[in-house]
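Report on one structure; see the data block that follows.
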Amino acid sequence: MKLIDEEVRAVSGPPLPDRDALEALVHGWHGDAFALLGPRRIGASTAVYTLQPGAEAVQAISQASGEVLVDLRPRHPAGFFAGEYAGDEPYRLKIVWPGEIEQVIEDAYAFGPLLSEHDLDLLAEGRHPHYADTLGSHVTTIDGVPGTRFAVWAPNARRVSVIGDFNSWDGRRHPMRMRHRAGVWELFIPGIEAGTVYKYEVLTARGFRIEKADPVARATERPPSTASVVPDPRPLHWSDEPWMRDRAARQTAQAPMSIYEVHTGSWLRVMEDGGRSLSWDELAERLVPYVAALGFTHVELMPIAEHPFYGSWGYQPLSLFAPTARHGRPEDFARFVDRCHAAGIGVIVDWVPAHFPTDGHGMARFDGSACYEHENPFEGFHKDWNTYIYNLGRNEVRNFLLGSAIEWVERYHVDGLRVDAVASMLYRDYSRQAGEWIPNRHGGRENLESISFLREMNELVHARCPGVVTLAEESTAWPQVSGAVADGGLGFDYKWNMGWMHDTLHYLSRDPVYRRWDHDAMTFGLMYAFSERFVLPLSHDEVVYGKGSLINKMPGDAWQQFANLRAYYGFMWAHPGKKLLFMGGELAQRREWNHDGSLDWDLIDHPQHRGVQNLVRDLNALYAQHGALHSQDANPEGFSWVVTDDRDNGVFAFLRWSADGGAPLLAISNFTPVRRDAYRVGVPIEGRWRERLNTDAADYAGSNAGNGGEVQSQSEPAHGHAQSLQLTLPPLATLWLMPD
């Protein structure tokens, strides 16, 4: 460092920094505190420099004996102290604060660089395999001294400091060291323990001071507080080895997958305790057995990464490495996942790499410049959602998001990532008018950086965690979303079939008198059903923003509404594709979903609502039991139409075939309120066909019309088959039949 007044050293102590540098330091403007603070060898002596604003006195004391080595003299009224002692004995700082309060600390500026050059190279290249173990806050011990290591990416900041209660939120107290190779700032603060609340104070290139939460925090304060929390360093406890060993087989295209979509904050609230949401442990006690009893194979959690605005349902997250503190600690979430696995239930988490909110404490212009987002709003801002778009052409941003994906599947044993808003990532002109978007380098509308990122993410997740699945919420006709990357696909395991959901709900919402004009809406999905590996979603998107609940979408009086919904569920569970149902759908909840409320659990006391719940339970059981319903979901050989053109009677019938050559299943739906007697349907096998499911059964609060549980085939050709069944089709009902 540049020194002044060296000729007065013997009188005044060690040489001081340049006046301008010292002024910059004490006022929090200096960008290299390590050049001015900490120990310096001067001949046979050690000089000590420290900045302790507000301190009355500071001493350097022996680390071994506690004896005073030197009284540090105040050399600037803002709290800069300096002193010199003979030898090089390790020291601590003893600080006297107003009120004669004494504090003994290790000097944070006595420690050398923390991250290796190799780490910095990997971060700069955007390919660090252990991103969350490198950046963020980590309790550790260095040279026998316990504390916490902090590291944050802020390449264009003039200065970054760690602030918290431990330093009175004073950015002058703990400025960090800049590692220019990767644009990363780092600091080890002795004595900082797990549970400590902190933020980063950033001095921007233009001289503004802003406070930011840690983008790589593994724990956060409970909202509306916005600080980050030093995580517990102890390893998470797991007892799910059998599940993890067999997981891959449970999630293949040949396996039954029935998914219960959950908003954890509003599934069930404790009304006698102010209407609070359940903790992770309470969800493990209540949600897990409920899901298991209904026969769902998976839960899908709407985004649980920490998010500031509860009304975003988690789809505008800011801490992509931290489970929301609304339900407890990260280790509590891990325990919830472990309980799910013990009950045979997989856990899918919604994950949002498309965009992030503009909240001032978050990633928006993190160091005063566009770090995580694009600078140009035509590329970097979503007008519809008022959010920033990740700059996926930047190595560091890709590494950040890839690190987040790996965090959920490796650290928390999550079994799947459902990637939100994929369509918005694939197209540069998504929801933009002409002149509001920037073409790619070839002049096209495809977002090449996002395509590359999604492929890289899928390959990385599948390589690092075999058996984990990825699912895309993608609403366009983009080809090969679930195709292999090597074949030009995006590499997802499954795609949500949004078109099927919209088409079928449109049909079901029509009065049966008019359904004949929309008959093709129920059959169109089979034109492309095997072009991807699909999940059939009846998701939260369809029961919010004035769209009404599923039961209220159905026409007619109350009886017809319930019958319609039951028939629809029977059709859906027989249709090719994995299944997803948003919570409340199993209760036929009438109220539109409200994230500030709870499901209407009292509905179970009403026979019609309980009947729908019973039906969902039985659908899941039969779906898992019979290979014809799941083993060829992605194979056209597993499906064949029987009746596809009876628009006047509103009847659809098809066969599902098992991959192992087992008995086929005939599904037949009557979507009119008229009972159809002696309705003939061709079948491929002679003999007795048993009624495996009737959505009009009394157990489901139906009229109990049907075929007495079985029907014998007749040698009368129909629909291209030599045998046929003469059936009674209950009104607004779906039947499943299988041959003995």
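The values are calculated or read from the model by the stated rules, or taken from the named source; none is laboratory data. Just so we're clear, the structure is a prediction, and the values are computed from it rather than from any experiment. Positions of Cβ are backbone-derived with ideal geometry, glycine not excepted, and every protein chain shown enters the neighbour counts. Each accessible area value is taken on the protein alone, full model and side chains, heavy atoms only, with ligands, DNA and RNA left out. Shrake-Rupley method; radii C 1.70, N 1.55, O 1.52, S 1.80 Å.
Of the residues making up region 599-618, at least one is in contact (Cβ under 8 Å) with a residue 12 or more places away in the chain, within 16 Å of Met257 (Cβ to Cβ) and open to solvent by less than 20 Å² (accessible area, probe 1.4 Å).
Regarding Ala405, is this residue part of a loop (DSSP other than H, G, I, E, B) and aliphatic (A, V, I, L, M)?
No: the conditions fail for Ala405.
Checking each residue in region 680-703 for being touching a residue at least 24 places away in the same chain (Cβ under 8 Å) and either among the acidic types (Asp, Glu) or open to solvent by 40 Å² or more (accessible area, probe 1.4 Å) (or both) picks out Arg680, Pro684, Ile685, Glu686, Arg688, Arg690, Glu691, Arg692, Asp696, Asp699, Ser703. One residue stands out among those in region 202-219 that are of a type in the set (Lys, Arg) and open to solvent by 50 Å² or more (accessible area, probe 1.4 Å): the one that is modelled with the lowest pLDDT, which is Arg206. Looking only at region 336-362, which residues are assigned to a loop (DSSP other than H, G, I, E, B), in contact (Cβ under 8 Å) with a residue 60 or more places away in the chain and open to solvent by less than 10 Å² (accessible area, probe 1.4 Å)? Within region 336-362, Val352, Pro353, Ala354, Gly362 meet the criteria.
Here's the yes/no breakdown for (1) under 24 Å from Phe81 (Cβ atoms); (2) of a type in the set (A, V, I, L, M); (3) without any contact (Cβ under 8 Å) to a residue 12 or more places away in the chain:
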{"position": "Gly147", "(1), (2), (3)": "yes, no, no"}
{"position": "Phe150", "(1), (2), (3)": "yes, no, no"}
{"position": "Val162", "(1), (2), (3)": "yes, yes, no"}
{"position": "Pro175", "(1), (2), (3)": "yes, no, no"}
{"position": "Val202", "(1), (2), (3)": "no, yes, no"}
{"position": "Val216", "(1), (2), (3)": "no, yes, no"}
{"position": "Arg222", "(1), (2), (3)": "no, no, no"}
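Here region 220-237 is the region considered, the condition is being out of contact with any helix residue (DSSP H, G or I) (no Cβ under 7 Å at 6 or more places or on another chain) and open to solvent by 40 Å² or more (accessible area, probe 1.4 Å), and the residue that is nearest to Asp32 (Cα to Cα) is Thr226.
Looking across Arg365, Arg398, one residue alone is more than 22 Å from Phe208 (Cβ to Cβ), buried (at least 19 other Cβ atoms within 10 Å of the Cβ) and among the basic types (Lys, Arg). It is Arg398.
Test Gly706 against the criterion of being farther than 30 Å from Arg533 by Cα, more than 39 Å from the chain's Cα centre (by Cα), modelled with pLDDT under 95 and of a type outside the set (Phe, Trp, Tyr), and give yes or no.
Against the criterion (farther than 30 Å from Arg533 by Cα, more than 39 Å from the chain's Cα centre (by Cα), modelled with pLDDT under 95 and of a type outside the set (Phe, Trp, Tyr)), Gly706 qualifies.
Somewhere in region 553-572, is a residue within 30 Å of Thr252 (Cα to Cα), open to solvent by less than 10 Å² (accessible area, probe 1.4 Å), among the hydroxyl-bearing types (Ser, Thr, Tyr) and under 31 Å from the mean Cα position of the chain (by Cα)?
Looking through region 553-572, at least one residue is within 30 Å of Thr252 (Cα to Cα), open to solvent by less than 10 Å² (accessible area, probe 1.4 Å), among the hydroxyl-bearing types (Ser, Thr, Tyr) and under 31 Å from the mean Cα position of the chain (by Cα).
For region 43-62, the criterion of being surrounded by fewer than 21 Cβ atoms within 10 Å (Cβ to Cβ), among the charged types (D, E, K, R), assigned to a strand (DSSP E or B) and in contact (Cβ under 8 Å) with a residue 12 or more places away in the chain is met by no residue. Which of the residues that make up region 705-737 are open to solvent by 10 Å² or more (accessible area, probe 1.4 Å) and assigned to a strand (DSSP E or B)? Correct list: Glu710, Val711, Gln712, Gln714, Ala718, His721, Gln723, Gln726, Thr728. Taken as a whole, the structure places Gly314 among residues that are in a loop (DSSP other than H, G, I, E, B) and either closer than 22 Å to Asp281 by Cα or open to solvent by less than 10 Å² (accessible area, probe 1.4 Å) (or both). The residue list Asp143, Asp133, Asp121 contains one member that is of a type in the set (D, E, K, R) and within 27 Å of Tyr412 (Cβ to Cβ), which is Asp133.
Mind checking whether some residue in region 442-454 is closer than 25 Å to Arg394 by Cβ, in a loop (DSSP other than H, G, I, E, B), in contact with a Lys or Arg (Cβ under 6 Å, 6 or more places away or on another chain) and open to solvent by 70 Å² or more (accessible area, probe 1.4 Å)? Yes, the conditions are met somewhere in region 442-454. Of all residues in region 256-306, those that are in a loop (DSSP other than H, G, I, E, B) and among the polar types (S, T, N, Q) total 4.
Checking each residue in region 650-665 for being touching a Phe, Trp or Tyr at 6+ places or on another chain (Cβ under 8 Å) and open to solvent by 20 Å² or more (accessible area, probe 1.4 Å) picks out only Trp657. Of all residues in region 383-395, exactly one satisfies the criterion of being within 20 Å of Gly435 (Cα to Cα) and open to solvent by less than 10 Å² (accessible area, probe 1.4 Å), namely Thr387.
Residue selection: Thr324 fails the criterion of being closer than 28 Å to Pro215 by Cβ, surrounded by fewer than 19 Cβ atoms within 10 Å (Cβ to Cβ) and at pLDDT 95 or above.
Within region 63-88, restricting attention to residues that are more than 23 Å from Ser168 (Cβ to Cβ) and touching a Leu at 6+ places or on another chain (Cβ under 7 Å), the residue that is surrounded by the most Cβ atoms within 10 Å (Cβ to Cβ) is Gly83. Here Ala78 clears all of (1) within 39 Å of the chain's Cα centre (by Cα); (2) of a type in the set (Gly, Ala, Ser); (3) not in a strand (DSSP E or B) except the condition numbered (1). Looking only at residues in region 529-548 that are open to solvent by 30 Å² or more (accessible area, probe 1.4 Å) and at pLDDT below 95, the one that is nearest to Tyr494 (Cα to Cα) is Asp541. Beta carbons closer than 7 Å, at least 6 apart along the sequence or on distinct chains, pair a first residue in region 643-660 that is more than 18 Å from Trp573 (Cα to Cα) with a second that is hydrophobic (A, V, I, L, M, F, W, C) and at pLDDT 95 or above for Gly650/Phe671. Restrict the check to region 424-439 and report whether at least one residue is in contact with a Gly (Cβ under 6 Å, 6 or more places away or on another chain), part of a helix (DSSP H, G or I) and surrounded by fewer than 23 Cβ atoms within 10 Å (Cβ to Cβ). Within region 424-439 (the criterion being in contact with a Gly (Cβ under 6 Å, 6 or more places away or on another chain), part of a helix (DSSP H, G or I) and surrounded by fewer than 23 Cβ atoms within 10 Å (Cβ to Cβ)), the answer is no, since none of the residues qualifies.
Of everything in region 494-511 that is open to solvent by 10 Å² or more (accessible area, probe 1.4 Å) and out of contact with any helix residue (DSSP H, G or I) (no Cβ under 8 Å at 6 or more places or on another chain), the residue that is nearest to Arg247 (Cα to Cα) is Lys495. For first residues located in region 457-478 and among the small types (Gly, Ala, Ser), partners that are crowded, with 23+ Cβ neighbours inside 10 Å and part of a helix (DSSP H, G or I) and lie 6+ apart or on another chain with Cβ distances below 6 Å form the pairs Ala472/Val422. Give the residue that is nearest to Ala35 (Cα to Cα), with candidates limited to residues of region 89-115 that are assigned to a loop (DSSP other than H, G, I, E, B) and open to solvent by 50 Å² or more (accessible area, probe 1.4 Å). Ranking the qualifying residues of region 89-115, first place goes to Pro113.
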